[in-house]
Every structure is written in structure tokens, then in C-alpha cells.
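Enquirer: Sharing a structure, written as C-alpha cells. Questions coming.
Values quoted throughout were computed directly from the atomic coordinates according to the rules given, and no laboratory measurement underlies them. The structure presented is a predicted model; accordingly, all values stated were derived computationally and were not measured. Glycine gets a Cβ as well: all are built from the backbone with ideal geometry, and neighbour counts include every protein chain shown.
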Amino acid sequence: MALKFLNKKGWHTGSLRNIENVWKAEQKHDAEQKKLEELRKQIQDERERSEFRLLQEQAGLVPKQERLEFLYDSGLAVGKTSGSSSGGGVGVAFKSLEESIPGCTTTSNNNNAPSSYKLKE
């Protein structure tokens with residue numbers, strides 16, 4: 001008895017549709033594994049950085065701080081400026097950020113209050 005009709009079944013492993021579905025599932029799994037590996041690497045880097053900071057604090061090279069410095073250590077911080085050695089680096093970055101907002105200016109009296117923003121006329 002010939003079994004030529006089996007390749008027309010939906011569950012047949014040799015059909016192109018099923019091969020494509022398996023390939024897509026493998027690609028999705030590989031992407032997920034890559035993402036997990038990247039997260040593991042990032043966590044390991046953060047641990048090494050915090051351990052190094054702790055060693056520096058114990059040696060007395062860096063003063064101990066109870067603040068949330070790690071939030072500002074990443075390169076994605078808005079207030080970071082490259083090559084700014086002056087004390088007002090964050091203010092300069094904030095002013096450049098303000099200037100990039102179209103149609104918005106601040107009054108010089110109070111930069112922190114939301115009511116100090118007004119539209120340019």
C-alpha cells in the first residue's frame with residue numbers, strides 16, 4: 001500500500017509549511033537566548049562595577065556614598081556632557097535640552113517651576 005498521501009497532511013514533518021514554522025520557532029528561541037545572554041552579561045558587568053566601587057570605598061580611595069549613583073553612571077543620562085570639566089556641566093546640558101524644545105523658553109527667575117515655561121510669541 002502506497003503512502004503518497006501523507007505529505008498532504010497538516011502534521012507531516014516534511015511539508016514546507018511545517019519546516020517554515022519550525023525554522024521560525026528556532027529563530028525566535030535563538031533571539032531569546034541571545035537576549036538572555038546579553039542580560040546576564042550586563043548584570044555581571046554591574047556586579048563587577050559595584051564590587052570594584054566597594055573595594056575602592058574600603059581602601060579609602062573613594063568616599064562612601066549612600067546615594068543612587070548607579071542611575072547616573074550609564075551613558076544614557078541626559079545630564080552627561082562630554083569633555084565638560086566645569087562645575088556647571090549638568091546645567092549646561094539642561095539648558096541645551098531646553099533650547100532643543102521648540103516653542104518653549106524659561107524665565108531666568110525660577111528654572112525649576114513648571115509655571116516658568118511660556119510659549120514664544
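So that you can scan it fast, the table gives a plain yes or no per residue for (1) of a type outside the set (A, V, I, L, M, F, W, C); (2) loosely packed, with under 10 Cβ neighbours inside 10 Å:
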{"site": "K28", "(1), (2)": "yes, no"}
{"site": "A31", "(1), (2)": "no, no"}
{"site": "E37", "(1), (2)": "yes, no"}
{"site": "R40", "(1), (2)": "yes, no"}
{"site": "I43", "(1), (2)": "no, no"}
{"site": "G60", "(1), (2)": "yes, yes"}
{"site": "P63", "(1), (2)": "yes, yes"}
{"site": "R67", "(1), (2)": "yes, yes"}
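Enquirer: Separate question: Quick check on this structure: which one of S50, S15 is surrounded by 10 or more Cβ atoms within 10 Å (Cβ to Cβ), touching a residue at least 12 places away in the same chain (Cβ under 8 Å) and small (G, A, S)?
Expert: From the options S50, S15, the qualifying one is S50.
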